[in-house]
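Heads up: the structure comes next, in structure tokens.
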Amino acid sequence: MPDTADITIADLATPADAEAFRVLNEAWITRFFALEDEDRRYLGDPVGRIVEPGGAVLVARLADGTVVGCIGIAPVRPGVFELVKMAVAPDHQGHGTGRRLIETAIDRARLLGATRVVLESNADLASAVHLYETTGFRHLGADEHEPSPYTRANVHMALDLD
């Protein structure tokens, strides 16, 4: 069983990190759904789509440098950031890596001035939705969120930061 104490979380720093971000996300998306145009835009240019507009991409890295997880925090509008493209390698799921990524992303969003963090998911990803719920996100009603660019997005959640 992987030990999350051996995992460090840091900002995306190299082209290899960006490649790991793309590969990890494409793997889970294509396992359950089809890649969509918006996926390709984020995965093809995480720095241009997430970091340069004022967000961050974080990677979970083993001591040997292998990236086993990632998450983006993208600015939506002043004070609001979106968790995007969270992925954890299958052999590292269920051991706390995803929770650490989410908590680190929320902390980063606070530092970036967020008062709210939002996300989109799919009800078929029950373990992910449960993880979001246990980190404090609440489900939004249809009148509480913008339309999604993703056809698969049928869960919309938010965490208001105090």
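The values are calculated or read from the model by the stated rules, or taken from the named source; none is laboratory data. Nothing here was measured: the structure is a model prediction, and the numbers come from that model. Backbone-built Cβ (ideal geometry, glycine too); neighbour counts: all protein chains shown.
Scanning segment 2-25 turns up one or more residues that are within 15 Å of the chain's Cα centre (by Cα), surrounded by 12 or more Cβ atoms within 10 Å (Cβ to Cβ) and within 17 Å of T151 (Cβ to Cβ). Residues in segment 105-141 that are part of a helix (DSSP H, G or I), farther than 25 Å from T8 by Cβ and either without any contact (Cβ under 8 Å) to a residue 12 or more places away in the chain or of a type in the set (D, E, K, R) (or both): A126, H130, E133.
Tell me, please, whether a residue that is surrounded by fewer than 19 Cβ atoms within 10 Å (Cβ to Cβ) and acidic (D, E) can be found in segment 118-125. There is at least one residue in segment 118-125 that is surrounded by fewer than 19 Cβ atoms within 10 Å (Cβ to Cβ) and acidic (D, E). Listed by first and then second residue, the pairs with beta-carbon distance under 7 Å, at least 6 apart or on different chains, first residue in segment 24-37 and within 13 Å of K85 (Cα to Cα) and without any contact (Cβ under 8 Å) to a residue 40 or more places away in the chain, second part of a helix (DSSP H, G or I) and polar (S, T, N, Q), form an empty list.
Return yes when V59 is in contact with an Asp or Glu (Cβ under 9 Å, 6 or more places away or on another chain), more than 17 Å from A128 (Cβ to Cβ) and either at pLDDT below 95 or buried (at least 23 other Cβ atoms within 10 Å of the Cβ) (or both) and no when it is not. It is true that V59 is in contact with an Asp or Glu (Cβ under 9 Å, 6 or more places away or on another chain), more than 17 Å from A128 (Cβ to Cβ) and either at pLDDT below 95 or buried (at least 23 other Cβ atoms within 10 Å of the Cβ) (or both).
When A18, A27, A74 are checked against the criterion of being among the small types (G, A, S), in contact with a strand residue (DSSP E or B) (Cβ under 9 Å, 6 or more places away or on another chain), within 19 Å of L111 (Cα to Cα) and at pLDDT 95 or above, A74 stands alone in meeting it. Considering A60, A74, A27, the condition of being within 17 Å of H92 (Cβ to Cβ), assigned to a strand (DSSP E or B) and of a type in the set (G, A, S) is satisfied by A60 alone. Residues of segment 33-42 that are surrounded by 11 or more Cβ atoms within 10 Å (Cβ to Cβ) and in a helix (DSSP H, G or I): E38, D39, R40, R41, Y42.
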